[in-house]
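Scroll down for the structure; my scribbles are underneath it.
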Number of protein chains: 2
Amino acid sequence: MCQLLGMNCATPTDITFSFRGFSQRAGITSDHCDGFGIAFFEDKACRLFVDNQSAVESPIAELVRNYPIKSRNVIAHIRKATQGKINLENSHPFMRELWGRQWIFAHNGDLLDFDPPLTGHFTPVGNTDSERAFCFLLDQLVAKFGYVEPSLTQVFELLLEIAPKIAEHGTFNFCLSNGQALFSYAITKLHWLVREYPFKPAQLIDLDVEVDFSQVTTPEDRVAVITTEPLTQNEVWQAFQPGEMILFQYGQPIQRAFTQVDRLVREQANPTLKRITRADQY
Amino acid sequence: MCQLLGMNCATPTDITFSFRGFSQRAGITSDHCDGFGIAFFEDKACRLFVDNQSAVESPIAELVRNYPIKSRNVIAHIRKATQGKINLENSHPFMRELWGRQWIFAHNGDLLDFDPPLTGHFTPVGNTDSERAFCFLLDQLVAKFGYVEPSLTQVFELLLEIAPKIAEHGTFNFCLSNGQALFSYAITKLHWLVREYPFKPAQLIDLDVEVDFSQVTTPEDRVAVITTEPLTQNEVWQAFQPGEMILFQYGQPIQRAFTQVDRLVREQANPTLKRITRADQY
């Protein structure tokens, strides 16, 4: 399994505080050592840093901790390999261009027997279940909307249809962004909070570091942080409900919905139950 | 205009020596200050570092100069903006996935009135002539071969047809790689050399640095370097002929051909001659 970190902001913001705590989990406070990656949007384009070294040891992660890249949408991932070798092509997040924007996807979980037919427009470079799911999602977006870019709400509604079908194959928690907004979905575990005026101090869980956000922000700032496990000990993190999807824009949730996953969650809680592979649906 | 640097190797090799000299041209020995980028393949996947700061000042370029990332195919670019703003989405190299491989493209030159229809499969994220040309090349590859990956020779032959048509619009020197090999094409300026056993010392032009490659190589190593202007003062660089295309694999040219560009080169030497826009061909 892996861990996810997403950030969606009203104004370009750097993620160094959260990433410092998060990256400790790649060998110090947890064992997610099999590569890391982080993507920073700037408008429609994206800087993507990936490494098959751990986020503790990688010089690229060290750069990210110290170089305050400001962005409105960031997705990071630390990997503990379950499917696919530890190499660059299996390192999240994954990036593809669609409708003249980069799209970034990172997944936490494990999908079994997930091998849907793909059109060829988006083909996995590596051999993870995660990149297959990303290519499948994008294929479905093109199948529905063609080459005319839909609204964020239209994308959200299609994701609400597709995500639970993929989740029939296992745990499917993800963050997805096109630089305009951040889509997030959880079957088992994902937390979020919004930091906004009046800002307060925050104390990391994984590292003895505190930042008083009231000293480094303006009233216009607002930041939503999405993460597998809470990053700070003195803030209130909200847990996603099983099957919940939230669309974040301008640093706050702008759309929330629930997918039907009761049976799936039951199965995942008791994996000895027979899983029905429904690849024929795709 | 911009400058290009490509490297194609028999064994994974680091580019720190060449990149140290090359990046001096981003403000010290030349004025290519409007962003830089470098892509390192590892098999079918790619690490892409881009920054809209100059390669002299960017902390990301500093990382690349000091972190010896080994790769068989590398493409780097320093930008002096002619078309498109100085921002991340206009920074070369550009990356797209096709046939389950990343493809990387960087361009030196300036294309006028180049606005061919695109299918929508590959859409520019920024607004440079260069990214449009890249999307057009990939569109043409899909139009010809569909979703069945062709051989390198088949790609080479199609590029030989398309590149001179694009070059009707202006200067079109490029490096293109899919991680297996490096395609390079020059209308006006590109140089190359092969370093192989027995290796010798090399002295950079842009910086007072010498490396004795005989001390840091094995007989199996072989490296082709492709660059706009020669990087070293004591090695023999070969100039591309106008319209020449070379395919490098395993650190050496494996295929060379010439496209007909006499009229084009004449036009470029004398830009007051009327240019015939042949967008109707696309």
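The values are calculated or read from the model by the stated rules, or taken from the named source; none is laboratory data. None of these values were measured; they are calculated from a predicted model. Using ideal geometry, Cβ is built from the backbone for each residue, glycine included, and neighbour counts are taken over all protein chains shown. For the accessible areas, the whole protein counts, side chains as well, though only heavy atoms, and no ligand, DNA or RNA atoms are used. Shrake-Rupley method; radii C 1.70, N 1.55, O 1.52, S 1.80 Å.
Within the stretch B:47-66, the residues that satisfy the criterion of being at the interface with another protein chain (Cβ under 9 Å from one of its Cβ atoms) and more than 15 Å from the chain's Cα centre (by Cα) are B:47, B:51, B:52, B:59, B:60, B:62, B:63, B:66. The single condition among (1) open to solvent by 30 Å² or more (accessible area, probe 1.4 Å); (2) touching a Leu at 6+ places or on another chain (Cβ under 6 Å); (3) within 19 Å of residue A:111 (Cα to Cα) that residue A:140 does not meet is (2). Selection within the stretch B:226-255: residues that are assigned to a loop (DSSP other than H, G, I, E, B) and touching a Pro at 6+ places or on another chain (Cβ under 8 Å). The member of this set that is nearest to residue B:75 (Cα to Cα) is B:237.
Residues in the stretch B:17-46 that are within 13 Å of chain A (Cβ to nearest Cβ) and either under 15 Å from the mean Cα position of the chain (by Cα) or open to solvent by less than 50 Å² (accessible area, probe 1.4 Å) (or both): B:35, B:36, B:37, B:38, B:39, B:40, B:41, B:42, B:45, B:46.
Among the residues that make up the stretch B:104-117, is at least one of them within 14 Å of chain A (Cβ to nearest Cβ), closer than 20 Å to residue B:39 by Cα and touching a Ser or Thr at 6+ places or on another chain (Cβ under 7 Å)? For the stretch B:104-117, residues within 14 Å of chain A (Cβ to nearest Cβ), closer than 20 Å to residue B:39 by Cα and touching a Ser or Thr at 6+ places or on another chain (Cβ under 7 Å): present. Only a single item in (1) open to solvent by less than 50 Å² (accessible area, probe 1.4 Å); (2) in a loop (DSSP other than H, G, I, E, B) is not met by residue B:188, and it is number (1).
Scanning the stretch A:24-52 for residues that are touching a helix residue (DSSP H, G or I) at 6+ places or on another chain (Cβ under 8 Å) and within 18 Å of residue A:90 (Cα to Cα) yields a total of 9.
Scanning the stretch B:122-166 for residues that are more than 30 Å from residue B:86 (Cβ to Cβ) and of a type in the set (D, E, K, R) yields B:144, B:149, B:157, B:161. If the condition is being at the interface with another protein chain (Cβ under 10 Å from one of its Cβ atoms) and modelled with pLDDT under 85, then the stretch B:67-102 contributes no residue at all. Right, residue A:223: open to solvent by 30 Å² or more (accessible area, probe 1.4 Å) and assigned to a strand (DSSP E or B) or not? So residue A:223 does not fit the description; no. Candidates are the residues of the stretch A:8-43 that are in a loop (DSSP other than H, G, I, E, B) and under 22 Å from residue B:61 (Cα atoms); the one that is modelled with the lowest pLDDT is A:35.
I want to confirm something. Restricting to the stretch B:104-137 and keeping residues that are in contact (Cβ under 8 Å) with a residue 40 or more places away in the chain and open to solvent by 20 Å² or more (accessible area, probe 1.4 Å), which single residue is nearest to residue A:146 (Cα to Cα)? This residue is B:117.
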